[in-house]
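What follows is a short report on a single structure.
No lab work stands behind these numbers, since they all come straight from the coordinates. Keep in mind that this is a model prediction, so the values were computed, not measured. We place every Cβ from the backbone using ideal geometry, glycine too, and count neighbours over all the protein chains shown.
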C-alpha cells in the first residue's frame, strides 16, 4: 500500500508501480475533476499542484509522489466557499466548455501563490502549457488578475 | 470573499436579459464537479475499443474474431455481421445518395481508421490485446489522397460515384458571361484553405448500456445534437425512438465534431447488448480523435469577378473543390454554405460558382465551426480587396458600395430583414482608425485589413423542419425548471435560455434550474449548430415561459374577476398592465394557482420552427434562416521582414447580434472565434501522408493558439433588435471566425505588399513572397 496525500487527506492505494497520478486520481479515487485531453503532456488539462508547483499528472507516476502534498481542483474550495480564483473565473466569464478549467485554475493558483501581482507577460507564460479551445484566453487573463487582487487582499486581512 | 455567486448577484438577477449573468453551471465547472461523458463511470463498466482498418482502401475478405473472443476478460466482440447493415448520414433529406456510411463496414474500408468492429473487455489492457487478436484478411486496393487526383478519370473508385465526386452543386443566377463583358476590371484568383481539426479538448467519449429486460438502450454522450444521435442510433439499431435514450452530459467542446453519431456510439450500445447489459465506455485517444472523428474540408477556391470603375461588382464566377474524405457526413451542405453565404453579404445579380465535394481515402470531412464559411471567407474577402485595388478603390469604400442592406431579398431569395452590416463596418473602421492607418504605415511594415461576414441562425439542412421545444415548469415554492432539448456544448446556452425563460416569466434568474439535452426527458431540439440555439431554442423558450405565465395569470384574473389580458408579470410582481399598479407578488400569484380552489400545475410548453424555405439545391434558391447576422472585422499587423513573423497588434470585431442576451457570454463567443481564426490563419493545417493518415495528428504537431501572444481584441456589439428573435437576439457563435484569415491577409498586403493565397500564413511563405516581390521589382528596373 502506498500513502498518497491528496487535498490534505491520506489515501492508501494499492499501486502496481506504473500508474500515473492522473489514472489514480480518476480511476482509483474517483476524483474526476482532473481531466486530460492528450495524455502526452501537451495540453495542460491534467495539471495539479505538487508541493506548490503546477505539475502534469498524466506524466507523473503516482508512486513518485508518495508522501508529497498533492492538490487537485477538488481541494480548492472550502466547503461551499469558493477559492478566489474559482470566483473570478465565473465572474470574468472565463469558463466556456469548462474542460480545460480545472487545469487552468491549478496553473493559475501555482502562479498566484508565488506572485499575486503577475504582469501580463508572467500570466501568459504561466498558462502557456494550458490549451483552451473555446475562450481565446483574454477573459482567463482577466480572471487571474482579479483573483490575484482578491488573494492579496485576503492575505493582508 | 465569503459571498457565493448567487448572493453576490442576487439583486441584479431580476430582468436578466441583457445582463452578464454568471454561468448557470459555473460553480460545477470551477470546482470540477460537473460531469462530462468522460467522467461517467459505473461498477462493472467495460472498456470498448474500435477495430480499425490499417489500409487506406481495401476489400474486406474475412474477419476472424475467435481468438479475441477466447481471450480471458473479453466480454463482447462485434462486427458488421452483428448489425443490420443500415447506412447512416447527415444530409439524408436533401441528398439521399450521400447517406454512405455503415455503423460497421462490411465490404470495404475507405480510410486508415475506418471502423469494422469493436471489442469490449474488463480493462483497457485486455481490450487492446483483443484488438491484436482480430484476424482480418484484406484485398488492398489502390488509394487516392488528393482530391484533384481523385477527380481524374481512372482514379481509384472509393464509392459508386463518377470520378469520386459525391456531389456537384451548381449555383447559377443571371448571366455572368455577358455581365463580365461589361466590367471595367476582371481578375481571377486561386486560393487554398487547408483541412483543420475541431480539436475540442474533451475527446469523443460515450457510455452505452443496454437494458436487457426491456430492450432499451441508454447512451451517455458528448454530443452537440443528442436528438440527431438518437435518430441515427434508432435507425441503425432498428429501434423506436423511445427505446433509445441519449443523455447529453456536459460537453467539453464540439465545434461541429460532435454533431453526428459515430460508429463508436453505435458500438458502445451493441457491445453492451452482447455483454448482457454491462455498460461499455469508449473513449477516443487524441490520435483517434484526429484520425476518426470529423475534420474541416480542405478547399480549393477559384474565383473570377468583374467590377465597374465606380466599384460596382457585376459578376462572380468560380469553382470550389473540397476534400471530403472517405464519407459524406455533412459535406454536401457544407459546400452549399461555402458558396451561398456570399449572397448575404454582397448585392450580386450575376453569379455562377460550382462546388464539387470529392471523396478521398482520408479521414471524414464534416461540419466545423463556420460550416464552409471560413474557407470561403478567406478566398472571397481576400479577392474583394484585390478587386478594390485593381480599380484603385479603398477596400472599405468598395465594400460599402456593394454590401446588402436591411429589408432586401437576395438574388437567391434570402429575406434579409434587420441588417447591421453597414453599421458594423462604420463602427469597426472608426474604432480601428482605418482612414488614418490604411496604406499609411508601410514605413513601419504595419498594415490594416478588413473582412466582412454574415451568418445564418439555423439552416434546415438535415431534416424537413428545424424545430426546438422547451418546457417551463413552475414548482409550488416558486422555483422554476427549464427543460430544453438544446445542447449546451460550452457556449453557455443553458445560461442564455434560462435568462430568456426568467425574463419572459417575469422572475429572477436565481429561481431557475435547467435540464437540457436528455432525449427521454426534454423536448426535441435539432441541435447545436448553424448558430441556431439562441434564436430558435430561445424562441421556443419564450413561448414556453409565456405559456406558464398565462397559466398563472388565468388564476389571478379569475380571482380578481378581471380579464387575463389586464395582467402581466414583470420583475417578480403581477402588475395591472393599464395602471401599472402592483397587484400581488409572483409568489402570491403562484400560491393562488396551486391552492385547492385552482390546484393547477404550471407547465408551459413552447415549440418553434422558423418560417423559412429550405434551399432548393437544383436552383440555389431558398430563405434558410429566420434572421441573418453580420459583422465586420479588422486586423492590424506588423510584419517582420527579416524572419517573416507577423505580429497581430489588434483585432476589432463589430457584430450585429440583434441583442446581447448575455453580453459577457457573447463577447466570449467572439473572442473564442477570433482565437480559432488566428489558429487557422497562422498554424492549423491538418495534413496527411501518402496513405491518408494524419501526418500531424497530435497536440505536439498540430499547433493550436496558446496564451503567449494572444493579441488585444475589441468587440463591438451592434444591436439591431430583430423582430423575429427572442428579445431581438440573433445567433452569433460562428460568424466571427469567418473573415479573420482574410482580414489578416489583407493587413499583411497593406503592410508589405505581398499576397498570401494559401493558408496557413507561415513565416516561410512570407519570406518567399517578399523575395519574389523584391525580384520582380528588380526585374522592372
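Points worth noting:
- Take each residue in A:71-80, count the other chain C-beta atoms within 10 Å of its C-beta, and the mean is 2.
- Listed from fewest to most Cβ neighbours within 10 Å, the set B:360, B:489, B:585, B:126 follows the order B:585, B:126, B:360, B:489.
- Long-range tail of P(r) for the stretch B:28-159 (Cα pairs > 19 Å, %): 62 percent
- Separation of alpha-carbon centers, the stretch A:105-157 and the stretch B:552-614, rounded to whole Å: 46 Å
- Against chain A, whose longest principal axis comes from its Cα atoms, helix A:138-156 is set at around 90 degrees.
- 20 Å tail of the calculated P(r), the stretch B:250-355, as % of Cα pairs: 58 percent
- Chain B: Rg to Rh, with Rh as the Kirkwood radius over Cα pairs: 0.99
- Counting only Cα atoms, the stretch A:1-54 measures 31, 24, 18 Å along its principal axes, largest extent leading.
- By the Cα gyration tensor, the stretch B:616-735 has an equivalent ellipsoid whose semi-axes, rounded to whole angstrom, run 32, 23, 14 from largest to smallest.
- Compactness index (Cα Rg / 2.2 N^0.38 Å), the stretch B:344-495: 1.44
- Restricting the calculation to Cα atoms, the stretch B:98-190 yields a radius of gyration followed by a Dmax of 22.6, 72 Å.
- For the stretch A:84-156, diffusion coefficient by Stokes-Einstein and Kirkwood Rh (Cα), 37 °C, 0.692 mPa s, µm²/s: 277 µm²/s
- Judged by the mean number of other Cβ atoms found within 10 Å, the most tightly packed of the peptides A:114-126, B:710-722 leads the ranking B:710-722, A:114-126.
- Volume of the Cα convex hull of chain A, divided per residue and given in Å³: 108 Å³
- By the count of neighbouring beta-carbon atoms within 10 Å, fewest first, A:104, B:45 end up ordered B:45, A:104.
- D_trans [Stokes-Einstein, Kirkwood Rh over alpha-carbon pairs] for the stretch B:586-673, 37 °C, 0.692 mPa s, µm² s⁻¹: 171 µm²/s
- Shown here are the Rg and Dmax of the Cα trace of the stretch B:165-283, at 22.3, 75 Å.
- Evaluated over the stretch B:556-623, the Cα radius of gyration and Dmax, each in Å: 20.2, 60
- Considering only alpha-carbon pairs that sit under 8 angstrom and 6 or more positions apart, the relative contact order computed for the stretch A:2-75 is 41 percent.
- With helices as the sole contributors, chain B gives -8000 deg cm²/dmol at 222 nm; each DSSP H run of n ≥ 4 counts as -39500 (n - 2.57), and the sum is divided by every residue.
- Peptide-level mean, for B:33-44, of C-beta atoms on other protein chains within 10 Å: 3
- The DSSP beta bridges internal to the stretch B:411-516 are antiparallel in roughly 50% of cases.
- Once the Cα atoms are used to define both axes, helix A:101-114 deviates from the longest principal axis of chain A by about 70 degrees.
- Residue mean of other protein chain beta carbons inside 10 Å, A:31-43: 6
- Binning the C-alpha pair distances of the stretch B:695-781 at 5 Å intervals from 0 yields a P(r) profile of 3, 9, 12, 16, 15, 13, 10, 9, 7, 3, 2, 1, 0 %, listed from the shortest bin outward.
- Panel values: the stretch B:445-538, Kirkwood radius from alpha carbon pairs, Stokes-Einstein at 37 °C and 0.692 mPa s, translational diffusion coefficient 224 µm²/s.
- Burial ordering of B:299, B:414, A:150, fewest other beta-carbon atoms within 10 Å first: A:150, B:414, B:299
- Residue ranges B:324-333, A:32-41 sort as B:324-333, A:32-41 when ordered by packing (mean number of other C-beta atoms within 10 Å per residue, highest first).
- Solvent-free Debye scattering, log10 I(q)/I(0), computed from the Cα coordinates of the stretch B:468-608 at q = 0.17 Å⁻¹: -0.83
- Per residue, the convex hull spanned by the Cα atoms of the protein assembly as shown measures out at 181 cubic angstrom.
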